[in-house]
Amino acid sequence: MASEDAFKVSSLKGKVALITGASSGIGAGAAVLFAKLGSLLALNGRDVENLKKVAQQCIDSGATEPLLVPGDLTEEETVKRTVEQTIAHFGRLDVLVNSAGILAMGSIETTDLTQYDRVMNINVRSVYHLTQLCVPHLIETKGSIVNVSSVNGQRSFPGVLAYCMSKSAIDQFTRCIALELASKQVRVNSVCPGVIVTDVHKRAGLDEEQYAQFLAKSKHTHALGRPGEVDEVAHGIAFLASDAASFITGVNLPIDGGRHAMCPR
Ligand SMILES: NC(=O)c1ccc[n+]([C@@H]2O[C@H](COP(=O)([O-])OP(=O)(O)OC[C@H]3O[C@@H](n4cnc5c(N)ncnc54)[C@H](OP(=O)(O)O)[C@@H]3O)[C@@H](O)[C@H]2O)c1
């Protein structure tokens, strides 16, 4: 058996992939892995300097120069421009990876509507909008979508209310549109990471000491005894996006060291 048949994730070679959240963390890791697998990349993020650094890592990994489509995805014009520029540049779209998102702390007693809207606008509304504009192009290529959800969508945690709700919405969005697009041979899945070492927690307000404690606690809150790494999620994204997952759609795949299966006792 030829090596490319043995592991069909190599089917991402030459595929055009639009990746959001590509300026940091999981989205950046996915961009670099897709680059290694030979994909043609359109990358979105707000921080242009970081986006350029990730693009350089992609080039160093063997990719042709990625198209940068920076901007805030909660702005409808940015979403439209992102899709238009990607199609104008590459003429097609095979894969959409929705990784842009934020975490915010707060309970029903402390999450005001401003924070609720801030979380929902990027974690859900922008994903809905971008996906909607990409779908006609993905139908043409019989492409695939991978949403970056969270274990927080599957399990309930106090103190991160709007975030948990936003990720549940993404899991349901994934399953519903998987059914809606199945007859057109577009596959839709999500990855549901546990705690992954990125900037997301500090950006949500944890200081260095709190973050160190949070990571230490992750040894107990994840069955495998540790938090995860960006690359471990990136491989799940690449698998689901590729022909290696050709009979998988509507799945919310935990990449969480077993956390989704745990129960306190
Ligand atoms: N890390 C974890 O433990 C974990 C666990 C489960 C799920 N997740 C999910 O994984 C995804 C990526 O998170 P991460 O951990 O990689 O966090 P991160 O390092 O903070 O990256 C977040 C990314 O989202 C982008 N972003 C945020 N708001 C945006 C906006 N309004 N418009 C456009 N882009 C925006 C950021 O862009 P800029 O930096 O350029 O502003 C950045 O590229 C998120 O959906 C998160 O909920 C993370």
- request: Please work out, to two decimal places, the log10 of the ratio I(q)/I(0) at q = 0.18, 0.21, 0.34 Å⁻¹ from a Debye calculation in which every Cα of region 149-188 carries one identical scatterer.
  value: -0.51, -0.61, -1.01
statement: Row for region 23-74, column shape: gyration tensor on C-alpha, a ≥ b ≥ c, rounded if a/c < 1.5 i.e. under 1.5, prolate if a/b over b/c, else oblate; value prolate
- request: Pop out the Kirkwood hydrodynamic radius of region 54-118 from its pairwise C-alpha distances, inverse of mean 1/r, in Å to one decimal.
  value: 14.8
task: Using only C-alpha positions, report the orientation-averaged shadow area of the convex hull of region 1-105, nm², one decimal.
output: 7.3
- prompt: Just 194, 153, 71 to compare: in a GNM of the chain, with alpha carbon springs under 10 Å, which one fluctuates most?
  reply: 71
query: How big is the C-alpha Rg of region 196-265 next to the rule-of-thumb value 2.2 N^0.38 Å, as a ratio?
result: 1.32
- prompt: Each residue of region 28-39 in order: what ³J(HN,Hα) in whole Hz does its phi give by Karplus 6.51 cos²θ - 1.76 cosθ + 1.60, θ = phi - 60°, with x for Gly and Pro?
  reply: 5, x, 5, 4, 5, 5, 4, 4, 4, 8, x, 6
message: Suppose every Lys and Arg Cβ carries +1 and every Asp and Glu Cβ carries -1, with no other charges. What dipole size does region 134-203 come out with about its Cα centre, to the nearest 20 debye?
response: 100
- request: Give me the number: length gained by fully extending residue 207 to residue 182, i.e. 0.36 nm times residue separation minus the C-alpha to C-alpha distance, one decimal in nm.
  value: 4.6 nm
message: Could you tell me how far the Cα centroid of region 210-252 sits from the Cα centroid of region 66-95, in Å?
response: 27
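About the Cα centre of the chain, how large is the charge dipole given +1 on each Lys and Arg Cβ and -1 on each Asp and Glu Cβ? Please answer in debye to the nearest 20. List each step's numbers first, then the result.
Details: 25 positive and 27 negative charges, 122 e Å.
The dipole magnitude comes to about 580 debye.
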query: Can you list residues whose amide H is under 5 Å from residue 252's amide H, if they're 5+ apart or on another chain and H is modeled 1.01 Å from N?
result: 190
Partners for residue 167 among lysines (Cα-Cα distance below 25 Å; same-chain residues under 8 apart left out): 80, 202, 217, 219
- line: Going from the fewest other Cβ atoms within 10 Å to the most, one would list 255, 122 as 122, 255
message: Under 5 Å between amide hydrogens, which residues at least 5 positions from residue 40 or on another chain qualify, with H placed 1.01 Å from N in the peptide plane?
response: 14, 15, 16, 17
query: What does the convex hull of the alpha-carbon atoms of the chain project to on average, in nm²?
result: 14.7
query: In terms of the Cα gyration tensor, with a ≥ b ≥ c the square roots of its eigenvalues, is region 106-226 rounded because a/c is under 1.5, prolate because a/b exceeds b/c, or oblate?
result: prolate
query: Taking the Cα centre of region 147-265 as the origin, how large is its charge dipole in debye, to the nearest 20, when only Lys and Arg (+1) and Asp and Glu (-1) carry charge on their Cβ atoms?
result: 380
Summed side-chain charge close to residue 248 - residues other than residue 248 whose Cβ falls under 13 Å, Lys, Arg +1, Asp, Glu -1: +2
query: Of 122, 133, 93, which is farthest on the positive side of the dipole of region 7-138, counting Cα position, with +1 on Lys and Arg Cβ, -1 on Asp and Glu Cβ, and the Cα centre as origin?
result: 93
- prompt: ³J(HN,Hα) across region 222-231 via Karplus (A = 6.51, B = -1.76, C = 1.60, θ = phi - 60°), whole Hz, x for Gly/Pro?
  reply: 10, 4, 6, x, 6, x, x, 10, 3, 4
task: Enumerate the aspartates and glutamates that residue 184 could reach by cross-link, defined here as Cα to Cα under 19 Å, with residues fewer than 8 away along the same chain left out.
output: 94, 140, 243
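Bear in mind that the values in this text are calculations on the coordinates, not laboratory data. Quantities reported herein were computed from a predicted structural model and do not represent experimental measurements. With ideal geometry, Cβ positions are generated from the backbone for all residues, glycine too; neighbour counts draw on all protein chains shown.
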